[in-house]
1. Quickly estimate the mean residue ellipticity at 222 nm for the chain, helices only: each DSSP H run with n ≥ 4 gives -39500 (n - 2.57), and the total goes over all residues, rounded to 500.
2. Note down the relative contact order for the range 241-384 as a percent, whole number, built from C-alpha pairs under 8 angstrom at least six residues apart.
3. Would you tally the net charge around residue 329, using a Cβ to Cβ cut-off of less than 15 Å, leaving residue 329 out, and scoring K and R as +1, D and E as -1?
4. So, in nm, how far is label residue 279 from label residue 151 when the simple model puts each one 7 Å beyond its Cα toward the Cβ?
5. Of the listed peptides 162-170, 271-279, what is their order by residue-averaged count of other C-beta atoms within 10 Å, with the highest listed first?
6. By how many nm would the segment from residue 211 to residue 49 grow when fully extended, if each residue of separation counts as 0.36 nm and the alpha-carbon distance is taken off?
7. Among the listed pairs 121/173; 50/275; 120/173; 50/121; 181/286, give every one whose C-alpha distance is greater than 27 Å.
8. Arranged from highest to lowest average of other beta-carbon atoms within 10 Å per residue, in what order do the peptides 102-108, 360-366, 228-234, 246-252 appear?
Amino acid sequence: MTDVTDLLARIIAFRNISAGSNLPMLDWIEEVARPYGMTARRFPDPTGQKASLLLTLGPEVPGGVLFSGHTDVVPCEGQAWSADPWTARVENGRLIGRGSSDMQGFLACCLAALPALAAKKLTRPIHFAFSYDEEVGCTGVWDMAKWIGASGMKPRLAVIGEPTEMHVANAHKGGLIGWCKVKGVPGHSSQPDKYVNAVMIAAEVIAEINRIRDDMRDGPHYAAATPPWSTIQVNQIRGGLHGNIVAEDCEFFWEMRITPGSPPDSDLAVLERMKAFARTLEPAMKRISPEAGIEFIVQARIPPLNPVSDPAILREMLDLTGTQQPLTKSGGTEAGIFTLQGIPALVIGPGDNSQPHQPDEYVEIAMLERCIAFLDRLGDSCTA
Ligand SMILES: [Zn+2]
């Protein structure tokens, strides 16, 4: 095994699914980075069982570049793996294992590039920003991204190493997801007007969501996204106890996807429209019981990635990767969270975009090598 495959095998072996602690992996990464003089900062979650890790190489001044990756992976249960997902194996130039593509291959590339990066005469810093809980809706990276944005060493660019096969992705949709919980008043269904039917109220809110969905088709379009407009839908609902009891509870899960180029906080504006509609229903509910009502709970927010406004940065990354055109990525990443802190972000990573969350997930070892060379060349921009 070469250096990077060895590093990646070690990372995969941590079995770092989002539900577990990532601290053993962070301890190990710090140990690998320490001989190169990287400064480590941790941003723990409220339980203290997980953290984001920011490693900084070179002088702590503004500018420089940030390499961003998440430490967590999705579980493998119920998937048809042909061997142990947590034991990396190499076949036909591919390294197979959970997270190889999404996106621990990139973490391994960062560590493999480290000796060469540390040997440069850096005048600007190189940051590794490794987050937790990306796979549950990019919830773990926020503290670290906000800190670096306000730190006085704001980088000129964040590279998010999600799988693009080393193409440059400069846009993707954002997301806002969560639950709506309707509290009704139960009773015999022969007397519907005496009670509050949570299922019927939820249906009204969902009808409003359908109207929002129609309006979104007339909203901002981003031609390279599929579909080019924003979307909203409900895919999960549960409520009611029995056919002849007025339903006391109903809850449904909503998800919206906001197209790049939408005005800032468009997702929050849509949520506000949903809430405003709910407020029109609540007075009638509360006349029957003050306990009745409608609540919205946001589970996760992933801002869209809007194309970088500085064409020179995009040009530079296309040249460094030897590619011609930027792509639009289908899934969300942490990139938009960095751009919200005023840090331009692009998605460039070694994995194959068909591989994330699949059984027998793999990464081409040649892609890992290309990624290391890219990180090294990008590091040169921190020496001038
Ligand atoms: Zn990922």
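1. Values: 9 runs with 119 residues, N = 384.
After summing the helix terms and dividing by residue count, I get -10000 deg cm²/dmol.
2. Working: 72 pairs, mean separation 23.1, N = 144.
About 16 percent, as a whole number.
3. Numbers: positive: 173, 257; negative: 102, 134, 162, 165, 334, 352.
Neighbour charge sum, excluding residue 329 itself: -4.
4. 4.0
5. On the way: 162-170: 24.3, 271-279: 15.3.
The packing order, highest mean first, is 162-170, 271-279.
6. Values: separation 162, 0.36 × 162 = 58.32 nm, distance 4.20 nm.
Extending this stretch completely gives an extra 54.1 nm.
7. Numbers: 121/173 38 Å; 50/275 33 Å; 120/173 36 Å; 50/121 33 Å; 181/286 15 Å.
From 121/173; 50/275; 120/173; 50/121; 181/286, over 27 Å: 121/173; 50/275; 120/173; 50/121.
8. Working: 102-108: 29.3, 360-366: 22.6, 228-234: 18.4, 246-252: 20.4.
The packing order, highest mean first, is 102-108, 360-366, 246-252, 228-234.
No value in this document is a laboratory result; all are computed from the given coordinates. Everything numeric here is computed off the predicted structure, so don't read it as measured data. Note that each Cβ is placed from the backbone with ideal geometry, even for glycine, and that neighbours are counted across all protein chains shown.
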